[in-house]
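Here is the structure we will look at, set down as structure tokens.
The values are calculated or read from the model by the stated rules, or taken from the named source; none is laboratory data. Values in this document were obtained by computation on a predicted structure and should not be read as measured data. Ideal geometry is used to build each Cβ from the backbone, glycine not excepted, and the neighbour counts take in all protein chains shown.
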Amino acid sequence: MKTNNKPKITLFYCINAFMESAPVFEGCSIKTIKMACSSMTKDIFLLKAFEAGADAVLVFACPEKQCRYVEGGIRARKRIEWTKHLLDETGIDGRRLAIFNTDIKDPKAAGKIIRETIELINELGPNPAA
Amino acid sequence: MIVGEQKPIKEIMESVAPYKRVLILGCGTCVKTCFAGGEDEVEVLASALRLAFKTKKQRSIEIEELTIERQCENEFIQEAAAGIGRNDVVLSLACGAGVQAMAERFPAAPVLPGVNTTFIGIQDRPGIFSERCSGCGDCGLARFGGICPVTRCSKKLLNGPCGGSQNGKCEVDPSIDCAWHLIIERLTELGQLDNLKTYIPPKNWQTSTSGGPRKLVREDQII
């Protein structure tokens with residue numbers, strides 16, 4: 001699936017928020033990391049994804065108020081905001097990192113997010129640190 | 001604990017720019033608790049610097065990561081010796097005391113600060129820290145119900161509140177609790193409000209930093 005020309009996206013997702021399916025990932029080279037909860041996202045994992053060459057990093061969390069650990073999505077969102085600020089400081093551009101609340105029953109919405117992310121990468125260019 | 005915050009990446013990049021091999025040295029005590037310089041912060045800063053150098057300077061930087069228990073004590077500092085020997089510079093994420101202890105212990109190695117030491121304080125709740133002690137050298141907490149007006153009153157008043165306190169908040173900044181409001185509430189609860197009848201003369205700042213750098217000597221501990 002990997003090709004050098006396709007935008008590289010690393011996706012961290014909560015198993016309750018998203019289910020992997022090939023059509024969703026069309027047009028990009030994807031690396032996925034499955035998590036028991038989006039709150040397992042940490043700044044260092046996100047930065048390492050960029051160090052590994054990702055052009056964009058996405059986090060899929062459960063819809064608001066549907067986290068089975070109550071505040072997992074809230075914690076993840078705060079960490080993403082913090083890491084976006086670090087990415088801006090490093091010159092990577094915080095827009096390359098984003099979190100979305102996704103419904104496991106709505107793969108079309110997830111596909112739309114991936115397509116919009118590919119468009120964003122095309123606009124920003126490849127990861128400048130890759 | 002001593003509270004600090006990490007310096008901006010841009011400032012850190014400028015300070016390490018002349019060097020090729022950098023040891024980022026964390027401190028596992030105070031600055032770890034306030035998320036400024038523990039093991040996790042060392043790892044994140046190392047990653048951020050690698051990304052930043054590749055992006056902005058178009059060159060790579062060799063970074064070694066290490067965190068020792070305490071940079072302000074000689075017994076722990078020795079653990080960093082080998083790492084210091086392998087690198088051109090030490091980027092210390094300790095407080096100012098830790099940075100200076102490292103610089104004294106390893107005079108041949110440049111030691112740079114990666115943290116701005118901010119104050120002596122406590123964690124109010126996760127992620128929020130506030131100042132509690134100015135290290136004035138003459139603690140009067142017994143008189144004030146355990147609440148320090150030297151640190152927590154914006155005007156450092158020692159004989160009661162000013163006229164600017166409103167609804168328990170300070171006129172300097174309404175997000176600051178009025179220390180004297182807290183002191184009176186606490187002394188009332190303790191039944192010690194009479195403490196305030198004793199006039200406190202102007203504070204003698206000689207025990208603070210006004211007399212130059214301070215030194216504490218414990219003869220019984222000197223070998």
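Points worth noting:
- Among the residues of region B:107-134, those that are of a type in the set (Gly, Ala, Ser) and surrounded by 14 or more Cβ atoms within 10 Å (Cβ to Cβ) comprise B:ALA109, B:GLY114, B:GLY121, B:SER130, B:SER134.
- Scanning region A:13-35 for residues that are in a strand (DSSP E or B), touching a Leu at 6+ places or on another chain (Cβ under 9 Å) and not aliphatic (A, V, I, L, M), we see that the one that is nearest to the other protein chains (Cβ to nearest Cβ) is A:LYS31.
- For B:TYR199, the criteria (1) out of contact with any strand residue (DSSP E or B) (no Cβ under 6 Å at 6 or more places or on another chain); (2) in contact (Cβ under 8 Å) with a residue 24 or more places away in the chain; (3) not in a loop (DSSP other than H, G, I, E, B) hold in every case but one, which is (3).
- Subset of region B:196-215 [in contact with a Gly (Cβ under 8 Å, 6 or more places away or on another chain) and surrounded by 14 or more Cβ atoms within 10 Å (Cβ to Cβ)]: B:LEU196, B:ILE200, B:THR207, B:SER208
- A:CYS67 at pLDDT 95 or above, out of contact with any Lys or Arg (no Cβ under 7 Å at 6 or more places or on another chain), away from every other protein chain (no Cβ under 11 Å) and over 29 Å from A:ASN5 (Cα atoms): no
- For the residues B:ALA94, B:ALA109, B:ALA81, B:ALA101, the requirement of being in a loop (DSSP other than H, G, I, E, B), touching a residue at least 12 places away in the same chain (Cβ under 8 Å), over 29 Å from A:TRP82 (Cβ atoms) and in the same structural domain as B:LEU45 (by TED's automatic domain parsing) singles out B:ALA109.
- Among the residues making up region A:36-55, a single one is away from chain B (no Cβ under 14 Å) and under 12 Å from the mean Cα position of the chain (by Cα): A:SER38.
- Selection of region B:176-192 for residues being of a type in the set (Val, Ile, Thr) and not in a helix (DSSP H, G or I) yields only B:ILE176.
- Within region B:1-45, restricting attention to residues that are out of contact with any Pro (no Cβ under 9 Å at 6 or more places or on another chain) and of a type in the set (S, T, N, Q), the residue that is nearest to the other protein chains (Cβ to nearest Cβ) is B:GLN6.
- Tally, over region A:92-102, of residues that are surrounded by fewer than 16 Cβ atoms within 10 Å (Cβ to Cβ) and touching a Pro at 6+ places or on another chain (Cβ under 6 Å): 0
- Enumeration of residues in region A:72-104 that are more than 12 Å from chain B (Cβ to nearest Cβ), part of a loop (DSSP other than H, G, I, E, B) and either within 27 Å of A:GLY53 (Cβ to Cβ) or among the acidic types (Asp, Glu) (or both): A:THR102, A:ASP103
- Within the option set B:VAL42, B:VAL22, B:VAL3, being touching a residue at least 40 places away in the same chain (Cβ under 8 Å), touching a strand residue (DSSP E or B) at 6+ places or on another chain (Cβ under 7 Å), among the aliphatic types (A, V, I, L, M) and outside any strand (DSSP E or B) holds for one residue only, B:VAL42.
For every residue, the table says whether it meets (1) assigned by TED's automatic domain parsing to the domain that holds B:GLN78; (2) among the basic types (Lys, Arg); (3) closer than 26 Å to A:GLY53 by Cβ; (4) out of contact with any Leu (no Cβ under 7 Å at 6 or more places or on another chain).
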position: B:LYS7; (1), (2), (3), (4): yes, yes, no, yes
position: B:VAL22; (1), (2), (3), (4): yes, no, yes, no
position: B:THR29; (1), (2), (3), (4): yes, no, no, yes
position: B:GLU41; (1), (2), (3), (4): yes, no, yes, no
position: B:SER47; (1), (2), (3), (4): yes, no, yes, no
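- Sole exception among (1) away from chain B (no Cβ under 14 Å); (2) part of a helix (DSSP H, G or I) for A:VAL59, by number: (2)
- Residue among A:LYS48, A:LYS65, A:LYS78 that is in contact with a helix residue (DSSP H, G or I) (Cβ under 9 Å, 6 or more places away or on another chain) and at negative phi: A:LYS48
- Scanning region B:80-95 for residues that are buried (at least 16 other Cβ atoms within 10 Å of the Cβ) and not β-branched (Val, Ile, Thr) yields a total of 8.
- Total residues in region A:7-35 satisfying the condition of being hydroxyl-bearing (Ser, Thr, Tyr), within 12 Å of the chain's Cα centre (by Cα) and surrounded by fewer than 16 Cβ atoms within 10 Å (Cβ to Cβ): the figure is 1.
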